[in-house]
Amino acid sequence: MNTTPLLPNFLAGRWQDGHGHAATLHDPVLGTPLVRVSSAGLDLAEGFAFARERGGAALRALSYGQRAALLGAVVKVLQANRDAYYDIATRNCGTVKNDSAVDIDGGIFTLGYYAKQGESLGDARYLLDGERIRMGKDPLFQTQHILSPTRGVALFINAFNFPSWGLWEKAAPALLSGVPVIIKPATATAWLTQRMVKDVIDAGVLPVGALSVVCGSSAGLMDQLQPFDVVSFTGSAQTAGLIRSHPAVAEDSVRCNIEADSLNSALLDPAATEGSEAFTLLVKEVVREMTVKSGQKCTAIRRIIVPLELFDAAAQAISAQLAQVTVGNPRSEGVRMGALVSMEQKHSVQHGIAELLHEAELLFDGSEVALVDADPATSACMAPTLLGHRDPGQATVLHEVEVFGPVATLMAYEDEDEAFELIRRGQGSLVVSLYSEDPAFIARAASELADCHGRVHAISPDVATSQTGHGNVMPMSLHGGPGRAGGGEELGGLRALGFYHRRSAVQASSAALDMLSSPSAAFGVTP
């Protein structure tokens, strides 16, 4: 008999165990089994209907301000259980405390942000989109666009790297909009997501049906979607393609948001010199992005674009700092970087490095770094690896393959136009960061690269201590990206609510529109 605990699912307003085969989650450092998950045998149709009819109706009966108060209550529940979440993150995700904070406290912070944003919407039940527009000569007949919460369910199919933040950055605007959530976390790290949902459900702070969790296989979930539902996916481009081609999306027009692969870049000003403030800031940020959460961030720096004359200096400076990073068991004192989430992910990263090495040279070899209290043969720990290419315009794979781990490639450029072209070879990314002491260069580069990036993050000496980090996603800024990055958009303050609302034009008399625009019913905002 298998004694490893089986995590229950919460669906149709009750806790339910899956049946049959269950996947086992392991400690990525020690290899010990932790918990099991299964969604086999669940009545998914019942669960989705319950969420739409019970959870959705209960949420829509409240105003934005009242739903914001619910988010505030969720924040208090999560804060009261932070110690348990950190323990699970160490054991199941293999992260050191500082990296766990990015996920756990980042998720709680995002919830708190939307709780405050929701307060400002007050008693409104829908949103006004722009001003009234006259339909003709007669000013009495006009049109007013409004945004109403969709009467469906939000299905989230999430990635393994952020089991906390990945849930709450999506759930916060959905619940604030009045849309119930069904979360399907990635199996490898599902424990933290399930525990957070369990604590919120057990506390009774949300209407029953407003929040559900399904752990294990995703089989059948997309089949339950109906025209007014929405689905948000974070993960590989391959799986994203399957979601886009599913009949629910392709035929029934279920609204779909995708965040996929992203070859994010860091660009050093051509006027920078070795040891300059911009140079130093780039080196520091690159090392941080390569090592935080073992490089398992969708926003991590993958390509480092520097002037050709600084290639060797940058390689030496980055390698010197990477050599000081202690890697191993996150429970051990002094360890700065923990493990990848699983041995499967470690093998994937190793395979990816081998593929990139067909075009790149090896500048810092992480495989030669000794691990702290971790067996390199059985643990998912691996030190960062820096690759390089002095003529990256001739490369192909380096601009097409993202290795999702502590890996980045240093690339040289000869002039500004070549730098911009190299960055565009990524075919659309979540974020590009700029390092310069010249505001004119920052403005020029930002305007040139904004169309192919969801976010442009400029780091200059005057904001060195206040900037929030290349890879750190803040709820007041847009998260998403065009092209290869998936074409999706999340967060961005109240803009996030647009995904969960339907826009309609109401054409009526001024008297009727006056009633429609009553402060007790509507709030003027354009997400």
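The values are calculated or read from the model by the stated rules, or taken from the named source; none is laboratory data. These numbers were taken from a predicted model, which means no experiment stands behind them. Note that each Cβ is placed from the backbone with ideal geometry, even for glycine, and that neighbours are counted across all protein chains shown. We work out accessible area using only protein heavy atoms, side chains counted, and drop any ligands, DNA or RNA first. Shrake-Rupley method; radii C 1.70, N 1.55, O 1.52, S 1.80 Å.
Could you list, in sequence order, all residues of the stretch 134-145 that are open to solvent by 20 Å² or more (accessible area, probe 1.4 Å) and not acidic (Asp, Glu)? Scanning the stretch 134-145 gives 134, 135, 136, 137, 139, 140, 141, 142, 145. The residues on offer are 334, 328, and the sole one that is on the phi > 0 side of the Ramachandran plot and open to solvent by 20 Å² or more (accessible area, probe 1.4 Å) is 334.
Taken over the stretch 49-87, residues that are more than 20 Å from residue 153 (Cα to Cα) and among the hydroxyl-bearing types (Ser, Thr, Tyr) amount to 2.
The listed residues are 391, 312, and the only one of them that is without any contact (Cβ under 8 Å) to a residue 24 or more places away in the chain and surrounded by 15 or more Cβ atoms within 10 Å (Cβ to Cβ) turns out to be 312. Scanning the stretch 82-95 turns up no residue that is open to solvent by 10 Å² or more (accessible area, probe 1.4 Å) and closer than 24 Å to residue 497 by Cβ. Here the condition is being farther than 30 Å from residue 254 by Cβ and either in contact with a strand residue (DSSP E or B) (Cβ under 9 Å, 6 or more places away or on another chain) or open to solvent by less than 30 Å² (accessible area, probe 1.4 Å) (or both); of 119, 131, it holds for 131 alone. If you go through the stretch 422-453 and pick out every residue that is open to solvent by 20 Å² or more (accessible area, probe 1.4 Å) and of a type outside the set (D, E, K, R), you end up with 8. Out of the stretch 451-474, which residues are under 19 Å from the mean Cα position of the chain (by Cα) and part of a helix (DSSP H, G or I)? 452 - this is the single residue of the stretch 451-474 that is under 19 Å from the mean Cα position of the chain (by Cα) and part of a helix (DSSP H, G or I). Taken as a whole, the condition of being over 30 Å from residue 415 (Cβ atoms) and at pLDDT 95 or above applies to residue 203. In the stretch 477-527, counting only strands (runs of 3 or more DSSP E) that sit wholly within it, the ones holding 2 or more residues that are modelled with pLDDT of 95 or more and of a type outside the set (S, T, N, Q) span 478-481, 488-491, 501-509. Against the definition (open to solvent by 60 Å² or more (accessible area, probe 1.4 Å), touching a Pro at 6+ places or on another chain (Cβ under 7 Å) and touching a residue at least 12 places away in the same chain (Cβ under 8 Å)), how does residue 503 come out, yes or no? When the stated conditions are applied, residue 503 does not pass them. Any residue at all in the stretch 256-263 that is in contact (Cβ under 8 Å) with a residue 40 or more places away in the chain, on the phi > 0 side of the Ramachandran plot and crowded, with 19+ Cβ neighbours inside 10 Å? No - not one qualifying residue is present in the stretch 256-263.
Here residue 199 meets the list (1) open to solvent by less than 10 Å² (accessible area, probe 1.4 Å); (2) part of a helix (DSSP H, G or I) almost entirely, failing just condition (1). Of 3, 24, 32, all but one fail to be of a type in the set (Val, Ile, Thr), surrounded by fewer than 20 Cβ atoms within 10 Å (Cβ to Cβ) and either touching an Asp or Glu at 6+ places or on another chain (Cβ under 9 Å) or more than 23 Å from residue 345 (Cα to Cα) (or both); the exception is 3. Sub-7 Å Cβ pairs linking a first residue in the stretch 32-45 that is at positive phi to a second residue that is small (Gly, Ala, Ser) and part of a loop (DSSP other than H, G, I, E, B), at least 6 apart or interchain, are 41/18; 41/20, ordered by first then second residue. Of the residues making up the stretch 275-301, those that are open to solvent by 10 Å² or more (accessible area, probe 1.4 Å) and free of Cβ contacts under 8 Å to residues at least 40 places away in the same chain number 3. A single entry from 225, 268, 192 fulfils the requirement of being touching a helix residue (DSSP H, G or I) at 6+ places or on another chain (Cβ under 6 Å), within 18 Å of residue 159 (Cβ to Cβ) and not charged (D, E, K, R): 192. What are the residues in the stretch 157-183 that are surrounded by fewer than 24 Cβ atoms within 10 Å (Cβ to Cβ) and not in a loop (DSSP other than H, G, I, E, B), if any? Result: 157, 165. Just one of the numbered conditions (1) more than 30 Å from residue 90 (Cβ to Cβ); (2) in a strand (DSSP E or B); (3) not aliphatic (A, V, I, L, M) is not true of residue 433: (1).
Of the residues screened, residue 243 is not one that is touching a helix residue (DSSP H, G or I) at 6+ places or on another chain (Cβ under 8 Å), open to solvent by less than 60 Å² (accessible area, probe 1.4 Å), of a type outside the set (Ser, Thr, Tyr) and outside any helix (DSSP H, G or I).
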